[in-house]
Amino acid sequence: MGFDTIIVNGRIVTATDTSLADVALADGKIALIGKDLPRDNAARLIDARGRYGFPGGIDVHTHLDMPFGGTSSADDFETGTRAAAFGGTTTLIDFAIQYKGQTLRTAFDSWMQKASNKAVCDYSFHCIITDLAAAQLQEMNALVREGVSSFKLFMAYPGVFMLDDASIFKALRATSKNGALICMHAENGGAIDVIVQQALAEGKRAPKYHALTRPTTAEAEATSRAIALAEMAGAPLYIVHLSCNEALEKVREARDRGLPVYAETCPQYLYLSLENFDAPGFEGAKYVFTPPLREKWHQEKLWNGLKRDHLQVVSTDHCPFCFKDQKELGKDDFTKIPNGGPGVEHRMSLIYSGGVAKGRFSVNRFVELVSTTPAKLFGLYPRKGTIAVGSDADMVIFDPEREHTISAATHHMRVDYSMFEGIRVTGMPDVVLSRGRVIIENNAFLGRAGQGQFLKRSTYAVP
Ligand SMILES: [Zn+2]
């Protein structure tokens, strides 16, 4: 039996086990895992001595090539997936946006068009619903059958993305039957808008007021309301980009009661805080995204939530806008600053560094948070999210000792600043494989645009 590649001498890590083993790859899949596999029948050997073999990272929250406030996020599906690959992430789930009056199919088709010739690693979509009439409610079932098995709804941004409680409840009831998972942006948009208008009237226009007008209570209230609606509908629920302890408490309480409620947080909420708005001039605009940064003490609560499984996933909400020309659109008014920050490249290293290297949780928990649970919740497991015979050969050879200082000068995202500028991480991906092909090695990109495949996902399964 011939193999395309054998990864030898690595410590192979899944969500449950760590073992010293060889992993043989053939035809884009993991073909065999074992001790001392015969090496002469492989076209290529990769020596992973002293390093880990992880399943490829899965980032379930990115916004590539996304229109926002008269501009578009700075990474498209080529530059964004390439930057992800540099960081050890080999699968993205992005968002196809349905605008008011459109069919869900229109959203799906137009995002497929953005991605299909560009993506360098595999991708899939959640569908954002902003207008839910009877026709779209029906269409949800059709989309699920086509492998778009999750939908995102907003409780914020009234007049743009926000749905009312009745529509949210209807969507949840539909997913309780069709097996899809609702991803919720949980912030009380109505109350926030009132606070924002008052701030503007008082002449408060600097970037920091984006954060100061979105209280943690607004996130906690919406989280709690979303959980109640999901409970009444008998549906599972996934809270996106949870940023604060008050919302975390709501998720923890729901899970303690046995409800199928899940939540993700993002590296920015674990590493950054309101203190970042002390940056001079308009620099605070680099940290304008939603939900906003919080007081520093929330960070340790979130790390603890990851450790204790009150939070199940780390995604990035990667939505980059350049400081020059894009963030600057809001120079005189924080409400005009495009919301979003770049992060897709450094998720694995930031979470490994702060989680495993700092002793907060095990390397197996790390794999669970960045790959296995995302795959399970979003219908990709066991094709993605683990190292097992028959799984896609998406793998990361990760050096736990290698240190790196994050900087816009060296990153691969198409954006002119880094949210994590100057932060030193321990642990970096050395070699990255996507379906058996080496796409990153020696800091070089060896893949090609259009290599990524659309992933038709199955429905939600209890992880
Ligand atoms: Zn987002």
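Based on Cα coordinates alone, diagonalise the gyration tensor for the stretch 9-162, multiply each eigenvalue by 5, take square roots, and list the semi-axes in whole Å, largest first.
Calculated on Cα positions only, the semi-axes equal 39, 17, 14 Å.
Using only the Cα atoms, work out Rg/Rh for the stretch 142-220, with Rh taken as the Kirkwood radius, to two decimals.
Across the stretch 142-220, the Cα-based Rg/Rh ratio is 1.12.
Students often get this wrong: which residues of the stretch 65-88 have the backbone nitrogen under 17 Å from the point 7 angstrom along Cα-to-C-beta of Ala444?
Those under the cut-off are 86.
Given the pairs Lys208/Lys286; Lys152/Lys177; Lys296/Lys358; Lys100/Lys177; Lys296/Lys331, which are separated by over 20 angstrom at their Cα positions?
Going by Cα-Cα distance, Lys100/Lys177; Lys296/Lys331 fall outside the 20 Å limit.
What percentage of all Cα-Cα pairs in the stretch 238-389 are separated by more than 23 Å?
Counting pairs separated by more than 23 Å, the tail of P(r) holds 41 percent.
Output the 0 to 90 degree angle, nearest 10, between the alpha-carbon long axis of helix 134-145 and the longest principal axis computed from the alpha carbons of the chain.
10
Tilt of helix 216-233 relative to the longest C-alpha principal axis of the chain, in degrees (0 to 90, nearest 10)?
Once rounded, one gets 70 degrees.
Hey, what angle do you get for helix 77-86 against the long axis of the chain, alpha-carbon based, 0 to 90 degrees rounded to 10?
So the inclination is approximately 60 degrees.
For the chain, what is the largest minus smallest coordinate of the Cα atoms on each principal axis, given in angstrom and ordered from greatest to least?
Projected onto its principal axes, the Cα set of the chain covers 73, 50, 42 Å.
If you roll a 1.4 Å probe over the heavy atoms of the protein chains, what accessible area per residue do you get for the chain, in Å²?
35
Need the full-extension length gain, Ala135 to Glu249, defined as separation in residues times 0.36 nm minus the C-alpha distance. One decimal, nm. Write down the numbers at each step before the final one.
Values: separation 114, 0.36 × 114 = 41.04 nm, distance 3.63 nm.
Value of the extension gain: 37.4 nm.
Ratio of Rg to Rh for the stretch 277-329, alpha carbon only, Kirkwood?
Values: Rg = 14.3 Å, Rh = 13.3 Å.
Answer for the stretch 277-329: 1.08.
Positive end of the dipole of the stretch 1-68, charges at C-beta (+1 Lys, Arg; -1 Asp, Glu), about the Cα centre: which of Leu32, Ile6, Leu20 has its Cα farthest in that direction?
Leu20
For Glu421 and Gln198, what is the calculated FRET efficiency with R₀ set at 35 Å and r taken between the beta-carbons, to the nearest 0.05?
0.60
List the lysines whose alpha-carbon lies under 19 Å from that of Lys118, not counting same-chain residues fewer than 8 positions away?
List returned: Lys456.
How big is the Kirkwood radius of the stretch 76-207, worked out from every pair of different alpha carbons and given in Å to one decimal?
16.3
Taking the alpha-carbon set of the stretch 153-283, what are its Rg and Dmax in Å?
16.1, 51
Which residues does a label at Met112 reach in the stretch 139-175, if reach means a backbone N under 14 Å from a point 7 Å past the Cα toward the Cβ?
142-149
Using the Cβ atoms and a cut-off under 10 Å, what net charge is assigned to the surroundings of Phe77, where Lys and Arg are +1 and Asp and Glu are -1?
-2
How large is the Kirkwood hydrodynamic radius of the stretch 340-463, in angstrom, based on all distinct alpha carbon pairs?
15.9
Just want the answer: with Cβ charges of +1 for Lys and Arg and -1 for Asp and Glu, which residue in Ala199, Gly50, Trp303 is farthest toward the dipole's positive end in the chain?
Value: Gly50.
The values are calculated or read from the model by the stated rules, or taken from the named source; none is laboratory data. All values reported here derive from a predicted model rather than from experimental measurement. Reconstructed Cβ throughout: ideal geometry from the backbone, glycine too, with neighbour counts over all protein chains shown. Just the protein is used for accessible areas: all its heavy atoms, side chains included, with ligands, DNA and RNA removed. Shrake-Rupley method; radii C 1.70, N 1.55, O 1.52, S 1.80 Å.
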